[in-house]
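Participant: Quick one: the structure is below, questions incoming.
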Amino acid sequence: MSPSIELNALLRISIRTLLRTVLLAGSWLTASVSTAQEPNVLSVSPGNTNTLSLVEDRCPAFDWAVVRDAEGYEVVVYELPDETDPPAATTSSEPLLQLSFPAGVSGWTPSGTDCLDRGSAYGWAVRARLRTETTQWSRPLLFKVAEAPSIEQVEDALSVLRSYLEQHGDPLVIARPSAASSTQPVPQRSTWSGSPALAGGSQADAVGVRGSVQGSSGKNYGVHGISGSSGDFSSGLVGESTAETGLTFGVTGSTESTDGAGLGAFHNATTGTGTGLLARTHSDSGSAVDAEADSSSGSATGVVGKTNAPNGAGVRATHRAPGGGPDLILDGSEQGQADTILTESALDRASSSAEAFDFRNSGGGSLTLRANGLEVITTATDRDALGDLACADTQIPVWNQTQGSWGCGNSGTAITGVSAGSGLSGGGTVGNVTLSIADSGVTSAMLATGSVTSDKIMDGAVGASKIDSSEVQLRILASCLPGEAIVAVTVGGDVQCGPTSSGPRPHVIDTGDLETWSSSMALGDGDLPVIAYRDTTNGNLKIAKCNDPACDPAVNGPETVSTVDASNNDVGHAVSLAIGANDLPIVSYLDLTDQTLRVVKCTDPACDPSVNGTETISIVSNTGFAVATSIAVGAGDLPVISYVDDFAIKVAKCNDPGCDPFVGGSEFITQLTPFDSGNIASLALDSNGFPVIAYAERSETSVLVARCNDPACDPTVNGPETLAGQIGDYRPSGRLSLAVDSADLPVVAYERHVSSGVESLSVMKCNDPACDENQSGGEPVTTVDALEPRIGDYNSLALDSSGNPVISHYDATRRALKVAVCNDPGCFSLDDTRVTVESGNAVGRFSSIALDSSDIPVISYYDATLSALKVVKCLTRTCQ
């Protein structure tokens, strides 16, 4: 056998023996394994099924076959009770390791405390977890971890290594290829365990080159790179790091020597333009060299540059960007703030205070600094400097071109006189000269924009003749009614009127482009108002829940406003609101995009989606041309809704509180009138829960009443419903409202058309529950408010505890919200109360009224001046 082959064999044996010397302690999990079942998972390695397999590594890799549809795997490792080969049939009851792995994993290598003891025998098994069960355990594989090497074996291996190194040298040194063998591959350095002087790594926290030395004096190098080549781009040491994040270094140098250097780079060539250290960065914000001195005392220096070359530079900084930039930035005071910036043509120091630069030549010669080719500073001994020049009070520095120095003297030609220019007066030729502004000397063209402020204008200097009335309001153009006060003035000079300080106080609930003609209000528990209305800007349905009975934001904060239907459709038209069981609002409205009748059943009293989630929205019916809905809640918390579909009056009786067709099936719908016969309907329930509907004829000339004979208006139950005849004139495009008293007698408030340009707020009180003139004669109609143009529109009716009507309506002549409080159930008395609650620019349209538990009126309405939804709570039953 040749010495080389013998050495290689000994090396392999010795290195393997050395690798066995590191032992780790283990702590084990416990489990039990049954090996009596046939395996469903194939264990691969390590070990054999019927004999011990020798494993040298204390941390062997465990591999097994993947099972289809497995959701994970369980692995157990147990120690054999003896080392017989084949091993004994019994196993220990408690495994050393019991582990669980996710699907897709087919192998595991222990580490740390999970590694096994040397000289011991082991068995292991695996099974798969399926969806509802586990497979049987695999047939155990058996193996033994090799013993640790003895001291004699280690000494023999070291003896062989020493002998080889003495005869052949270090076989791991990288030899420089000669010209004759340049095509031969360069041998690669092997990786040794321990702490090598040179190591390469690719894992986390690894470095491309690491060098260390323990010498404390002399020229000791952790890494010493020498290039013997004289060709281009030959480097004694090149360090690179390809990491993209963290603190990564191509080369890192450190020393603990008091006179040492963390990194020393030398260029020994005597010709050319070589560089001892060449640092480059491709980052837009990185640094090619970042040198820091952590010492807080002495003369520690971040960068020191030295050269013995006559034309060299100890430190050279060049900025090559096309747009220019600093060649050198000196940062010495505050971290990150440039103290001095030097470029080829300028010097700058970033400071908020006055600063002086001290430049001197330590060799005694002169020192000159030029900026843009101009000498700005020289030495103090040179007379062309101004630093030590002092002149008398009447003198100024003067440059002497002949002498090439600064001196003191007169500025040149003396001033012989001062003349007044444009807009000025005064002047003179001797003594103290005074200049003043002449009369009318300053014209508008001489004034800078914004230079004349209010404190510069004398009181009374600007009168009506100086004001452009198209830009500035000169006077108020309107007045308020007796007993009212001005609460606001519009840009055009109009006024907004309201009650005096002793009257009710309106409060704004929401602002924006609000189409509140489709608004509706009811009072919930605690007399707290709830208002449903349409947001025209976004085409959404909104609901506002007040936090106090007067909706005053100063009491309990702003009211709760929620968007309950934002389906990107044109929703929220013809809205009507009622309060169901558990104080939960129910709202009917129209979707003009889909032409459907919709219902929202709120899941909390404020209809706030953030409380119990999004409210339930149900489509009750498809519609044609629909203009109105009216909702009431009957027995079992079941809603009843009247609506207009292609000018036919229809009634929908819901089968569940949310009118959800998926809960109780499709809702029951009855058509009461023929198509093209009715318009603008209002619904109420009598004491039996039977619907009563007031509506206008399609021609809008008469008011009619329909009375149902059962809760669903089903003609197959108690026969056809009762449709009354004409009971009153009705103004086109007006609105009507209905209530039923304790005797089941309907009461209708509406805007009555009297003659051309003359309307009135009228009330009709029926003599019988069906308003049938054939039973008790014609129904009486009473004028409640004056005969004037457009009075009584947008009316809303409620009955107090005595059955007397209380009506809110809009007075178009005065653009006011008004309330009429009747003194009897038919409003027959001539001393009924009529109150203006608020007036102004279209204040009071689209009103909705409700009475609290003390019969105090609460009204929601629209303020066109503010484009706002408002609520006002009266102070008394008559709102006075």
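The values are calculated or read from the model by the stated rules, or taken from the named source; none is laboratory data. Being a predicted model, the structure only gives us computed values, none of them experimental. Don't worry about glycine lacking a Cβ; one is built from the backbone with ideal geometry, like all the others, and counts go over all protein chains shown. Each accessible area value is taken on the protein alone, full model and side chains, heavy atoms only, with ligands, DNA and RNA left out. Shrake-Rupley method; radii C 1.70, N 1.55, O 1.52, S 1.80 Å.
Participant: Just to be sure, is Asp855 assigned to a loop (DSSP other than H, G, I, E, B), closer than 21 Å to Cys546 by Cα and of a type outside the set (Gly, Ala, Ser)? Let's see the steps before the verdict.
Facilitator: Numbers: assigned to a loop (DSSP other than H, G, I, E, B): yes; closer than 21 Å to Cys546 by Cα: yes; of a type outside the set (Gly, Ala, Ser): yes.
Considered against the rule, which asks whether it is assigned to a loop (DSSP other than H, G, I, E, B), closer than 21 Å to Cys546 by Cα and of a type outside the set (Gly, Ala, Ser), Asp855 comes out as yes.
Participant: It is to be established whether one or more residues within the range 253-269 are modelled with pLDDT of 70 or more and touching a Lys or Arg at 6+ places or on another chain (Cβ under 8 Å).
Facilitator: No.
Participant: Same structure, new question: Counting just the residues of the range 112-135 that are part of a strand (DSSP E or B) and open to solvent by less than 40 Å² (accessible area, probe 1.4 Å), which one comes out farthest from Leu52 (Cα to Cα)?
Facilitator: Filtering the range 112-135 for residues part of a strand (DSSP E or B) gives 121-129, 134.
Filter once more, keeping what is open to solvent by less than 40 Å² (accessible area, probe 1.4 Å): 121-126, 128.
Working: Ala121: 8, Tyr122: 9, Gly123: 9, Trp124: 12, Ala125: 15, Val126: 18, Ala128: 25 Å.
If we take residues in the range 112-135 being part of a strand (DSSP E or B) and open to solvent by less than 40 Å² (accessible area, probe 1.4 Å), then Ala128 is farthest from Leu52 (Cα to Cα).
Participant: Follow-up question, since we're still on this one. Considering only residues that are among the aliphatic types (A, V, I, L, M), farther than 22 Å from Gly636 by Cα and not in a loop (DSSP other than H, G, I, E, B), which ones fall in the range 544-591?
Facilitator: Ala544, Ala554, Val555, Val561, Val564, Val571, Ala574, Val575, Leu590
Participant: Go through Leu787, Leu799 for me and flag whichever is open to solvent by less than 50 Å² (accessible area, probe 1.4 Å) and either under 25 Å from Asp863 (Cα atoms) or in contact (Cβ under 8 Å) with a residue 60 or more places away in the chain (or both).
Facilitator: So the residue among Leu787, Leu799 that is open to solvent by less than 50 Å² (accessible area, probe 1.4 Å) and either under 25 Å from Asp863 (Cα atoms) or in contact (Cβ under 8 Å) with a residue 60 or more places away in the chain (or both) is Leu799.
Participant: Here are some residues: Leu685, Leu672. Which one is closer than 19 Å to Ser737 by Cβ, surrounded by fewer than 21 Cβ atoms within 10 Å (Cβ to Cβ) and more than 43 Å from the chain's Cα centre (by Cα)? Even if it seems obvious, please write down each step before you answer.
Facilitator: Numbers: Leu672 fails: surrounded by fewer than 21 Cβ atoms within 10 Å (Cβ to Cβ).
Checking each option against the conditions leaves just Leu685.
Participant: Among the residues of the range 735-782, what is the count of those that are in contact with a Cys (Cβ under 9 Å, 6 or more places away or on another chain) and among the charged types (D, E, K, R)?
Facilitator: Residues meeting the conditions: 3.
Participant: Looking at the range 642-662, which of the residues that are farther than 14 Å from Gly689 by Cβ and among the β-branched types (Val, Ile, Thr) is surrounded by the most Cβ atoms within 10 Å (Cβ to Cβ)?
Facilitator: Just the residues of the range 642-662 that are farther than 14 Å from Gly689 by Cβ, to begin with: 642-650, 652, 655-662.
From what is left, the residues that are among the β-branched types (Val, Ile, Thr) are 644, 649.
Values: Val644: 26, Ile649: 28.
Only one residue tops the list, namely Ile649.
Participant: Does Ser567 fit the bill of being of a type in the set (Ser, Thr, Tyr), open to solvent by 10 Å² or more (accessible area, probe 1.4 Å) and farther than 22 Å from Leu866 by Cα?
Facilitator: On the way: of a type in the set (Ser, Thr, Tyr): yes; open to solvent by 10 Å² or more (accessible area, probe 1.4 Å): yes; farther than 22 Å from Leu866 by Cα: yes.
When the stated conditions are applied, Ser567 passes them.
So that you can scan it fast, the table gives a plain yes or no per residue for (1) touching a His at 6+ places or on another chain (Cβ under 7 Å); (2) open to solvent by less than 100 Å² (accessible area, probe 1.4 Å); (3) at pLDDT below 75:
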{"position": "Leu247", "(1), (2), (3)": "no, no, yes"}
{"position": "Gly250", "(1), (2), (3)": "no, yes, yes"}
{"position": "Leu278", "(1), (2), (3)": "no, no, no"}
{"position": "Asp284", "(1), (2), (3)": "no, no, yes"}
{"position": "Gly314", "(1), (2), (3)": "no, yes, no"}
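Participant: Consider Thr722 against the criteria (1) open to solvent by 50 Å² or more (accessible area, probe 1.4 Å); (2) more than 27 Å from Ser518 (Cα to Cα); (3) at pLDDT below 85; (4) not acidic (Asp, Glu): it satisfies all of them except one. Which criterion is unmet?
Facilitator: (1)
For (1) more than 26 Å from Ser796 (Cβ to Cβ); (2) touching a Ser or Thr at 6+ places or on another chain (Cβ under 9 Å), each residue gets a yes or a no:
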site	(1), (2)
Cys654	no, yes
Pro657	no, no
Val663	yes, yes
Gln671	yes, no
Asp676	yes, no
Leu683	no, yes
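Participant: Exactly one condition in (1) under 23 Å from Leu797 (Cα atoms); (2) outside any strand (DSSP E or B) is not met by Thr603; state its number.
Facilitator: Of everything listed in (1) under 23 Å from Leu797 (Cα atoms); (2) outside any strand (DSSP E or B), Thr603 misses just condition (1).
Participant: If you go through the range 136-155, how many residues are part of a loop (DSSP other than H, G, I, E, B), modelled with pLDDT of 85 or more and more than 14 Å from Leu96 (Cβ to Cβ)? Break it down stepwise before answering.
Facilitator: From the range 136-155, those part of a loop (DSSP other than H, G, I, E, B) are 136-140, 146-150; that's our starting set.
Now restrict to residues that are modelled with pLDDT of 85 or more: 136-140, 146-147.
Cutting the leftovers down to more than 14 Å from Leu96 (Cβ to Cβ) gives us 136-139, 146-147.
Number satisfying all stated conditions: 6.
Participant: Taking only pairs six or more apart or across chains, which ones have beta-carbon atoms under 8 Å, a first residue in the range 606-620 that is more than 24 Å from Lys653 (Cα to Cα), and a second residue that is in a loop (DSSP other than H, G, I, E, B)?
Facilitator: From residues that are more than 24 Å from Lys653 (Cα to Cα), the pairs are Pro609/Glu615; Val611/Thr603; Val611/Asp604; Asn612/Thr603; Asn612/Asp604; Gly613/Thr603.
Participant: A further question follows. I need the full set of residues from the range 829-852 which are more than 21 Å from Ser801 (Cα to Cα), open to solvent by 30 Å² or more (accessible area, probe 1.4 Å) and not in a strand (DSSP E or B), in order please.
Facilitator: Selection gives Asn841 alone.
Participant: Now a separate question. Just give me the residues in the range 688-704 being closer than 21 Å to Ala578 by Cα, open to solvent by less than 40 Å² (accessible area, probe 1.4 Å) and not hydroxyl-bearing (Ser, Thr, Tyr), in sequence order.
Facilitator: Gly689, Pro691, Val692, Ile693, Ala694 - these are the residues of the range 688-704 that are closer than 21 Å to Ala578 by Cα, open to solvent by less than 40 Å² (accessible area, probe 1.4 Å) and not hydroxyl-bearing (Ser, Thr, Tyr).
Participant: Could you please give the count of residues in the range 694-719 that are at pLDDT 90 or above and either over 52 Å from the mean Cα position of the chain (by Cα) or more than 16 Å from Glu779 (Cα to Cα) (or both)?
Facilitator: 13
Participant: Hey, any hits in the range 419-438 for a residue that's at positive phi and either open to solvent by 100 Å² or more (accessible area, probe 1.4 Å) or of a type in the set (Asp, Glu) (or both)? Walk me through it before giving the result.
Facilitator: Pass one, the range 419-438, residues at positive phi: 423, 426-428, 431.
The next check asks that each one be either open to solvent by 100 Å² or more (accessible area, probe 1.4 Å) or of a type in the set (Asp, Glu) (or both); those that pass are none.
No, the range 419-438 contains no residue that is at positive phi and either open to solvent by 100 Å² or more (accessible area, probe 1.4 Å) or of a type in the set (Asp, Glu) (or both).
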